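As structure tokens, the structure follows; a few thoughts come after it.
The values are calculated or read from the model by the stated rules, or taken from the named source; none is laboratory data. Since the structure is predicted, the reported quantities are computational estimates derived from the model, not experimental observations. Ideal geometry is used to build each Cβ from the backbone, glycine not excepted, and the neighbour counts take in all protein chains shown. For the accessible areas, the whole protein counts, side chains as well, though only heavy atoms, and no ligand, DNA or RNA atoms are used. Shrake-Rupley method; radii C 1.70, N 1.55, O 1.52, S 1.80 Å.
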Amino acid sequence: MTQIVLDRLYIHGTPKDETRRGVELSGGTSVAVQDSYISDFHCNSGGTCVDSQAVSGGIGSLPMGPYKIDDNFLEAAGENIIFGGGAATQTPADIEIRFNHFFKPMFWMPGQPGFSNPAFVVKNNFEVKNAQRVLFDSNVLEDTWGGFTQHGYSIVITPKNQHGDGGSVCPLCLVTDVTVRYVTISHVGGAFLIANALAGPNGGAPSQGQRYSIHDVIADDIDAVKYTGHGAFAQISTVAAPLLQAVTINHVTAFPPNVLFNVGAPEPVKMPGIVFTNSIVTSGDSAITSTGPFPNAENCARFDVPLTTVAECFSGLSFSSNAMLAAPTLYPPSKWPTGNFFYSTAAIGFVNYNNGVGGDYHLLPSSPAKGAASDGSDLGANVDVVLSAVSAVQ
């Protein structure tokens, strides 16, 4: 199929029945999904399906892309949008995802008011396993939690040579040239999972995973307990090949309670070209931690000390001009890379921090973060630009 516009549609499942998918883009070229309301897609725990999506693509053997997914309400339990996750001999390219509201109602979560069985299999808001040249811009992402096979991360960027019948079924799968900008993330177990991983314990490696730009993101109400996750801003990890590389995280404002970065690579592997700059973040109780052991190899992050971990796990690293908030006494400034700033959550000077849950994260004129970025602007996300970008979404 080619040159198709799905415009102003109401596409929906039912409140309790398993309904796996709203729109499948795989095999289509020049397709737009816009100005539509796509809701009630879910698979039951122990049911006949596992992953449910409002919109999906990136599998099969036919040409795929370009795609435009703009100005939609997207509600699904598994992934609100996913690219990849199955057998493919093609990679979709030139994908625009803008002005969408990614949402999972909280009454889908066991223990929450209004919940009733069956429980739905919940994973994340946006996942990309096979795609190139993706613009993810001006979106609102809300509500995801762990408890099934994932840990409540909102955005998952993981090229995957998916494991299926007969072994690994997508050795060409890759994720490259992804931009995430002007986005808000709220009510999640973690913000980003960025990794190059094998397809299962004995599966194959993907083709590539590199060149990601993440900037002007506000991530709040990250909670490990409430949303059954790691309570982390980001996991950054890689297997031996292909190396995760060229990831830039710049001008973000985020409040992880447990972990800033969860890092992993088998020694002596080092991930090149990782940049983390000009941001305002809580360091979390554990700061930078290890993802855990690798088979037959030590994890470069096993020391659990920020300065040691970044030296062991990254090459060509830029980790500077960040405001680290509420760093625990176990990790004083001397245990971090140089060139960063350390403040309490009060001293940074937000209009209303509100414990990192639904606050007003504009900076007061007296804030030490004003004009302190390496580019001469304020540290953290440009709050006015982000809020303007998503103002018409909800």
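Dipole magnitude of segment 1-115 about its Cα centre, charges +1 at Lys/Arg Cβ and -1 at Asp/Glu Cβ only, in debye to the nearest 20?
Values: 7 positive and 13 negative charges, 27 e Å.
Approximately 120 debye in magnitude.
Using per-residue counts of other Cβ atoms within 10 Å, averaged over each peptide, order 302-311, 50-59 from highest down. Can you show the working numbers first?
Details: 302-311: 18.0, 50-59: 25.8.
The packing order, highest mean first, is 50-59, 302-311.
Averaged per residue, what accessible surface does segment 1-89 expose to a 1.4 Å probe, in Å²? Each step should come with its number before you reach the end.
Details: 3640 Å² over 89 residues.
It amounts to 41 Å² per residue over segment 1-89.
How much mean residue ellipticity at 222 nm does the chain get from its helices, if each DSSP H run of length 4 or more adds -39500 (n - 2.57) and you divide by all residues, to the nearest 500 deg cm²/dmol?
Details: 2 runs with 16 residues, N = 394.
The helix contribution divided over the chain gives -1000 deg cm²/dmol.
By average Cβ neighbour count within 10 Å, what is the ranking of 25-33, 325-333 from highest down?
Numbers: 25-33: 20.2, 325-333: 15.1.
The peptides rank, most packed first, as 25-33, 325-333.
Specify the residue with the greatest mean-square fluctuation among 196, 161, 117, computed from a Gaussian network of the chain linking alpha-carbon atoms under 10 Å apart.
117
Could you point to the residue in 392, 42, 124 farthest towards the positive end of the chain's charge dipole, with +1 and -1 charges on the Cβ of Lys/Arg and Asp/Glu respectively?
Farthest towards the positive pole: 124.
Counting only protein chains, not ligands or nucleic acids, how are 106, 324, 1 ordered by accessible area (probe 1.4 Å), most first?
Details: 106 50, 324 0, 1 110 Å².
Putting 106, 324, 1 in descending order of accessible area: 1, 106, 324.
Let me make sure I get this right: for segment 68-110, a, b and c are the square roots of the gyration tensor eigenvalues over alpha carbons, sorted descending. Under 1.5 in a/c it's rounded, otherwise prolate if a/b > b/c, else oblate. Which is it?
Cα axes put segment 68-110 in the oblate bin.
Along the charge dipole of the chain, pointing to its positive end and built from +1/-1 on Cβ of Lys, Arg, Asp and Glu, which listed residue (107, 235, 205) has its Cα farthest out?
So the residue we want is 205.
Given a 1.4 Å probe and every protein chain left where it sits, what share in percent of the accessible area of the chain is carbon and sulfur? If you can, show how the numbers build up before the last one.
Numbers: 7790 of 14690 Å².
Ligands and nucleic acids excluded, carbon and sulfur give 53 percent.
For segment 240-394, just say rounded, prolate or oblate: build the C-alpha gyration tensor, square-root its eigenvalues into a ≥ b ≥ c, call rounded for a/c under 1.5, and beyond that prolate if a/b exceeds b/c, oblate if not.
On the way: a/c = 2.00, a/b = 1.72, b/c = 1.17.
Prolate, because a/c is 1.5 or more and a/b exceeds b/c.
Take each of the peptides 5-13, 242-250, 282-290, average the number of other beta-carbon atoms within 10 Å over its residues, and list them starting from the highest. Each step should come with its number before you reach the end.
Values: 5-13: 14.6, 242-250: 21.0, 282-290: 22.7.
For the peptides 5-13, 242-250, 282-290, the packing ranking is 282-290, 242-250, 5-13.
What is the distance in Å between the Cα centres of segment 100-150 and segment 167-202?
14 Å
Computed over the Cα atoms of the chain, what is the ratio Rg over Rh, Rh following Kirkwood? Don't jump to the answer; show the numbers that get you there.
On the way: Rg = 20.1 Å, Rh = 21.1 Å.
We get a ratio of 0.96 for the chain.
Excluding same-chain pairs closer than 8 in sequence, count the lysine pairs in the chain whose Cα atoms lie under 18 Å apart.
Working: 16/104; 16/123; 68/129; 104/123; 104/226; 123/160; 123/226; 129/160.
The number of close lysine pairs in the chain is 8.
I want the antiparallel fraction of DSSP beta bridges within the chain, as a percent rounded to 5. Before the final figure, lay out each step's value.
On the way: 8 of 117 bridges.
Rounded to the nearest five, the antiparallel share is 5 percent.
Which far-off residues, 5 or more places away or on another chain, put their amide H under 5 Å from the one on residue 173, with H placed in the peptide plane?
It is 207, by chain and number.
Taking the DSSP beta bridges in segment 14-112 as the whole, what percent of them are antiparallel, to the nearest 5? Provide the component values of the computation, followed by the final result.
On the way: 1 of 23 bridges.
Roughly 5 percent of the DSSP beta bridges within segment 14-112 come out antiparallel.
Using the heavy atoms of the protein chains alone and a 1.4 angstrom probe, what is the accessible area of segment 212-283 per residue in square angstrom?
Counting only protein heavy atoms, the per-residue value for segment 212-283 is 24 Å².
If I take every Cα pair under 8 Å that is 6 or more residues apart in the chain, average their sequence separation and divide by the length, what percent do I get for the relative contact order?
Relative CO of the chain lands at 10 percent.
Quick check for me: using +1 on Lys/Arg Cβ and -1 on Asp/Glu Cβ, what's the dipole size of the chain about its Cα centre, in debye to the nearest 20? Can you show the working numbers first?
Values: 18 positive and 32 negative charges, 110 e Å.
In debye, rounded to 20, the chain gives about 540.
If you take the square roots of the eigenvalues of the alpha-carbon gyration tensor of segment 23-170 and sort them as a ≥ b ≥ c, do you get rounded (a/c under 1.5), prolate (a/b over b/c) or oblate? All intermediate terms of the calculation are to be shown ahead of the outcome.
On the way: a/c = 2.02, a/b = 1.29, b/c = 1.56.
Since a/c reaches 1.5 but b/c is at least a/b, the shape of segment 23-170 is classed as oblate.
In nm, to one decimal, how far is the modelled label at residue 320 from the one at residue 7, with both set 7 Å along Cα→Cβ?
Going from the residue 320 label point to the residue 7 one covers 5.0 nm.
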